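Q: Attaching a single structure in C-alpha cells format; questions to follow.
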Amino acid sequence: MTSAQQLAATPQMTAANMRRVVWSSVVGTSMEWYDFIIYAVATALVFNKMFFPTMDPAIATIAAFSTYAVGFFARPLGAAIFGHYGDKLGRKAMLSTTILIMGGGTFLIGCLPTYEQIGVAAPILLVVLRFIQGVGIGGEWGGAVLMVVENAPSTKRGFFGSLVQVGMPVGNLAAIGIFALLSSLLSEDDFLSWGWRVPFLLSIVLIAVGLFIRIQLEESPAFKQLQAKQDVSRVPALEIFTHHRRTFFIAVGLKTAEIAYASIASVFLISYASGHLGLPRSAVLNATAVATAIGLVALPLFGWLSDKWGRKTLFYLSCLFCMGFAFPLFALIETRDPTIFMITIVVALCFGWLVMFAVGAAFYAELFTARLRYSGASLGFQIGAAITGGLTPLIAASLLVWSGGETWPISIYLIGCGAITAISTFMAPETSRKEMTS
C-alpha cells in the first residue's frame, strides 16, 4: 500500500474502530443494566412478599428497599477494586470480569429459595447476591465509559459518552418488558410462585453475548500511552484522596440529584403508585417503559448539546428542574389519572435524570487525568450513586411512614439533592472544550 493509500485508509480504519468500541460498550452496558434493573423492579413488586412475608406490609417494603440499597453500597467497593486495576492493568480486562460477576449474582438470585422454604436464610442470601451484583456494576461503568471517551474526538466526547449511557434504557426496557409480559400472561399466584424468576435466569444468555463482544476489544489508547511512559499510578485511590480531594467531591456532588430523581421516579413510585394510589401494576410499568424508550433518543441529544453548550449549562438547567418540579411531581401523580401519571413520570425522568446521566459520562471522565481516570470517575460516580441512589427509596418510604402518608418531606429531600448538585456544578471546571489531560 502506498503512502497516499495509507493516509486515505486511516480515517476509515479509525471510524470503524470507534464504531466497534461504541457498540461493544453499549451492548455490554445493556447487559449490566438489565441485570441491575430487574432487581429494582422485583424489589418493588415481589421481594417484600417472598422474602419478608412476616412483617407489616409497610415495614416489609422498607426492608425490601434496604436490600436494594445494599447493591448501591457495594458499588463503591467495585469502583475501588476495578478502578485500581483498570488504572494499573488496563480498561479491557476489567470489563470482561465485571460482566461475569454481575451476571453470576443475578442468575443465582433467580435460583434462590424463598422465606417460606428456608426461613431467614433466604433474605440473607438475597443480600449477599445483591452485594455481588453491586460490586460488578461498580467496576463496569467506569471501564465502559473510558473505552469510548478516551477514543472519541475531542469535540464529540459528550455525544460519544452519552451513547454508552444508551445501554441503560436498552437494559431497562428489556427488564421492564419481560416483567410486563409475565404480569399480563400469568396470574398473581403464578407470578409470585415462579414467574418473577424468569428475568433473572435469562441473564445467563445475556452474559454470554456481552462477554463474547467485550473480549474482542482493543485496549484504550490513553492507557497504552501511560504504559509507554511508565506513568501508571501505583495506588490510584490513595493519590486521589491525597492530592485530588476537591475534584473527587465535585464528582460525588454531580451525581446526587440525578440518581435521587431516578430512584424516586423509577423505583419508589412503582411501590407508591400501586400500593398507596391503587394504580394497576401494568400502568406503572408502562409509564416507566415509555420514559425509558424516550431515553434512547434523549440521551444522545443531551450529550450532543453538551458538546455545543457546555457540560455545566446542561447540569444547571437540570438542577433547576429538579428543585422546581419536586412538589408538582407528587401533586400530579396523586390525581390517579393513568395518562397524567405517565406524562409526569416521563417529564421527571427526562429532565431530572436523563440530562445529567447523558452529560455525566464525559464530564466525570474529563475531571481526572488518565492515570487516575478509571478510579476517579468510577469512585465519584458510584459513591454519589450509593449515597442518594441506594438510600433514596429507603428514605422516601421511611419519610412516608413518618409523615403519615404525606409526600411533602420527600419533595424537600429532592430539593436538597438538587441544591447539592447545583453547588458542585458551580465548583467544577467547564471541560467540554478542553483536551483531556494525560
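The values are calculated or read from the model by the stated rules, or taken from the named source; none is laboratory data. For clarity, every value in this text was computed on a predicted model and none was experimentally measured. Positions of Cβ are generated from backbone atoms using ideal geometry, with glycine treated the same way; all protein chains shown enter the neighbour counts. Quick note on the areas: whole protein, heavy atoms, side chains included, nothing else; ligands and nucleic acids left out. Shrake-Rupley method; radii C 1.70, N 1.55, O 1.52, S 1.80 Å.
Q: In nm, to one decimal, how far is the modelled label at I294 from the one at W408, with both set 7 Å along Cα→Cβ?
A: Distance between label points: 2.9 nm.
Q: Cross-link partners among aspartates and glutamates for K88, C-alpha distance below 17 Å, same-chain residues fewer than 8 apart left out?
A: Qualifying aspartates and glutamates at Cα under 17 Å: E140, E150, E218, E219, D231, E239.
Q: Sticking with this structure for a sec: Does anyone have the angle between helix 3-42 and the longest principal axis of the chain? Alpha-carbon axes, 0 to 90°, nearest 10?
A: 20
Q: Report the calculated FRET efficiency for V120 and A208 (r = Cβ-Cβ distance, R0 = 30 Å), to the nearest 0.05.
A: Once rounded, the FRET efficiency stands at 0.35.
Q: Could you tally the net charge around T344, taking each other residue with its Cβ under 14 Å from the Cβ of T344, Lys/Arg +1 and Asp/Glu -1?
A: The answer is -1.
Q: To continue, here is another question. Choose one of L399, G90, C350: the residue whose Cα lies farthest towards the positive end of the charge dipole of the chain (beta-carbon charges +1 Lys, Arg; -1 Asp, Glu; about the Cα centre).
A: The residue sitting farthest along the positive end of the dipole is G90.
Q: Still on this structure, please answer the following. Rounded to the nearest 500, what is the 222 nm mean residue ellipticity of the chain from helices alone, with -39500 (n - 2.57) per DSSP H run of 4+ residues and division by all residues?
A: Per the formula, -25500 deg cm²/dmol.
Q: Please list 88-99, 383-394 highest first by mean number of surrounding beta-carbon atoms within 10 Å per residue.
A: Those peptides, ordered most packed to least, come out 383-394, 88-99.
Q: For helix 281-309, what angle does its Cα long axis make with the longest principal axis of the chain, in degrees from 0 to 90 and rounded to 10?
A: 20
Q: Through the Karplus equation 6.51 cos²θ - 1.76 cosθ + 1.60, θ set to phi - 60°, convert the phi angles of region 146-152 into ³J(HN,Hα) values in whole Hz; use x for Gly and Pro.
A: Using θ = phi - 60°, the values come out as 5, 4, 8, 5, 6, 9, 7 Hz.
Q: In square angstrom, what is the accessible area per residue of the chain with a 1.4 angstrom probe?
A: 38
Q: Oh, and also: Based on the alpha-carbon gyration tensor of region 69-153 and its eigenvalue square roots a ≥ b ≥ c, which shape applies: rounded if a/c is under 1.5, prolate if not and a/b is larger than b/c, or oblate?
A: Note, shape of region 69-153 comes out prolate.
Q: Checking the cross-link filter: which aspartates and glutamates have an alpha carbon closer than 16 Å to that of K156, excluding same-chain neighbours under 8 positions apart?
A: Excluding near neighbours in sequence, the set is D307, E366, E430, E435.
Q: A further question on this structure: Candidates (i) 20.9, 66; (ii) 21.2, 77; (iii) 21.1, 73; which is the computed Rg and Dmax of the Cα atoms in Å?
A: Comparing each candidate, only (ii) matches the computed number.
Q: Figure the gain on full extension for Q227 and L317 (residue separation times 0.36 nm, minus the Cα-Cα span) and round it to one decimal in nm.
A: Taking 0.36 nm per residue and subtracting the Cα distance, the gain is 28.5 nm.
Q: What do you get for the angle between helix 311-324 and the principal long axis of the chain? Use alpha-carbon atoms, 0 to 90 degrees, nearest ten.
A: 10
Q: Run the quick spin-label model on W23 and I215: label points 7 Å from Cα toward the beta carbon, then report their separation in nm to one decimal.
A: 1.9
Q: Can you run phi through the Karplus equation (6.51, -1.76, 1.60; θ = phi - 60°) for region 165-173 and list ³J(HN,Hα) in whole Hz, with x for Gly and Pro?
A: Values, residue by residue: 5, 4, x, 5, x, 4, x, 5, 5 Hz.
Q: Another one. With +1 on each Lys and Arg Cβ and -1 on each Asp and Glu Cβ, how big is the dipole of the chain about its Cα centre, in debye rounded to the nearest 20?
A: 1280
Q: Let me ask you something else. Run the dipole for region 188-253 about the Cα centre, Lys and Arg Cβ at +1, Asp and Glu Cβ at -1, nothing else charged, and hand back the magnitude in debye, nearest 20.
A: I would put it at about 540 debye.
Q: About the Cα centre of region 62-154, what is the dipole size in debye to 20, counting +1 per Lys and Arg Cβ and -1 per Asp and Glu Cβ, all else neutral?
A: Result for region 62-154 is approximately 140 debye, rounded to the nearest 20.
Q: Show me, for region 74-86, the HN-Hα J-couplings you get by feeding each phi into the Karplus relation (A = 6.51, B = -1.76, C = 1.60, θ = phi - 60°), rounded to Hz, glycine and proline as x.
A: Calculated HN-Hα couplings, in order: 7, 4, x, 5, x, 5, 5, 5, 6, x, 4, 6, x Hz.
Q: When a/c reaches 1.5 or more, the comparison of a/b and b/c decides; with that in mind, is region 323-438 rounded, prolate or oblate per its Cα gyration tensor?
A: prolate
Q: Considering only G360, M323, A262, whose Cα is most displaced toward the positive end of the charge dipole of the chain, charges sitting on Cβ of Lys, Arg (+1) and Asp, Glu (-1)?
A: G360
Q: What is the Cα centroid distance between region 249-263 and region 185-222, reported in whole angstrom?
A: 27
Q: By its C-alpha gyration tensor, with a ≥ b ≥ c as the square roots of the eigenvalues, how is region 290-361 shaped: rounded for a/c under 1.5, else prolate for a/b larger than b/c, else oblate?
A: Judged from the Cα gyration tensor, region 290-361 comes out oblate (a/c at least 1.5, b/c at or above a/b).
Q: If you roll a 1.4 Å probe over the chain with all protein chains in place, what percent of the accessible area is carbon or sulfur?
A: The value for the chain is 69 percent carbon and sulfur by accessible area.
Q: OK, next. Which one of S187, Q216, A175 is farthest out on the positive end of the charge dipole of region 104-252, using unit charges on Cβ (Lys, Arg +1; Asp, Glu -1) and the Cα centre as origin?
A: Comparing the listed Cα positions along the dipole, Q216 ranks first.
Q: Would you please give the FRET efficiency between T242 and K49, computed as 1/(1 + (r/R0)^6) with r the Cβ-Cβ distance and R0 = 51 Å, to the nearest 0.05?
A: The formula returns an efficiency of 0.60 here.
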